[in-house]
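The values are calculated or read from the model by the stated rules, or taken from the named source; none is laboratory data. Everything numeric in this text was worked out from a predicted model, so none of it was measured. Here Cβ is always computed from backbone atoms with ideal geometry, including for glycine, and neighbour counts include all displayed protein chains. Surface accessibility is based on the protein's heavy atoms, side chains included, excluding ligands, DNA and RNA. Shrake-Rupley method; radii C 1.70, N 1.55, O 1.52, S 1.80 Å.
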Amino acid sequence: MSLVKAINHIGIAVRSIDAQRPHYEDTLGALFECIEEVPSQKVRVAFFRIGDVRLELLEPTDSTSTVAAFLEKRGEGLHHIAFTVEGIGARIAELKQSGLRMIDENPRVGAHQMQIAFVHPKSTFGVLTELCEPPAGHDSVP
């Protein structure tokens, strides 16, 4: 079985979704899909679609969130790449068995009720990688 099925989305850390929304909609012509707050991650997220690609803007809602720390250290920009997987628990186990370091040892709920888990960027050549398993009946972000 292939570990990943597709790229689910590309995450971009921003200080303000509202300030950047015109750039994605008007300048790039991206289709706005929705905004959702994810209290467990202390972020507000906005999804945009360009063709088959989804972009997720991540705005911290609390100064103690990991996205706020990212912005403080690195500024706005590329945050992570997310891949769609099936059987996220088994995929985590496979990655751990192959020696990769997981940020999330167990899946947790992310935006759109997807089960998610992050792989530590030290194990993926500096790229923060997210595994996403959409709810049953969905291939990707609704």
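Within segment 104-112, identify whether any single residue is closer than 23 Å to H23 by Cα and under 16 Å from the mean Cα position of the chain (by Cα), and answer yes or no. Yes - at least one qualifying residue is present in segment 104-112.
Suppose the filter is touching a strand residue (DSSP E or B) at 6+ places or on another chain (Cβ under 9 Å) and polar (S, T, N, Q); does S16 pass it? Spell out how you get there, then give the answer.
Working: touching a strand residue (DSSP E or B) at 6+ places or on another chain (Cβ under 9 Å): yes; polar (S, T, N, Q): yes.
Answer is yes for this residue.
Between residues in segment 109-128 that are on the phi > 0 side of the Ramachandran plot and residues that are open to solvent by 60 Å² or more (accessible area, probe 1.4 Å) and in a loop (DSSP other than H, G, I, E, B), which pairs lie under 8 Å by C-beta distance while being six or more apart or on different chains? Taking only residues 6 or more apart or on different chains, the pairs are H112/H138; H112/P142. Count of segment 73-108 residues, restricted to those that are closer than 23 Å to I12 by Cβ, surrounded by 13 or more Cβ atoms within 10 Å (Cβ to Cβ), out of contact with any Asp or Glu (no Cβ under 9 Å at 6 or more places or on another chain) and among the aliphatic types (A, V, I, L, M), is 2. For segment 7-27, the criterion of being assigned to a loop (DSSP other than H, G, I, E, B), of a type in the set (D, E, K, R) and without any contact (Cβ under 8 Å) to a residue 40 or more places away in the chain is satisfied by no residue at all. Do the conditions hold for D104, that is, is it of a type outside the set (F, W, Y) and out of contact with any strand residue (DSSP E or B) (no Cβ under 6 Å at 6 or more places or on another chain)? Judged against the criteria, D104 is not a match. Contact map, segment 53-70: first residue free of Cβ contacts under 8 Å to residues at least 60 places away in the same chain and part of a strand (DSSP E or B), second residue surrounded by fewer than 17 Cβ atoms within 10 Å (Cβ to Cβ) and polar (S, T, N, Q), Cβ cut-off under 8 Å, separation 6 or more or different chains; pairs are E59/S16. Restricting E37, E33 to those that are farther than 16 Å from V127 by Cβ, open to solvent by 50 Å² or more (accessible area, probe 1.4 Å), touching a residue at least 60 places away in the same chain (Cβ under 8 Å) and out of contact with any Gly (no Cβ under 7 Å at 6 or more places or on another chain) reduces the list to E33. From the list I92, I116, the lone residue that is at pLDDT 95 or above and over 15 Å from the mean Cα position of the chain (by Cα) is I92. Here F70 clears all of (1) of a type in the set (F, W, Y); (2) open to solvent by less than 20 Å² (accessible area, probe 1.4 Å); (3) in contact with a Pro (Cβ under 9 Å, 6 or more places away or on another chain) except the condition numbered (2).
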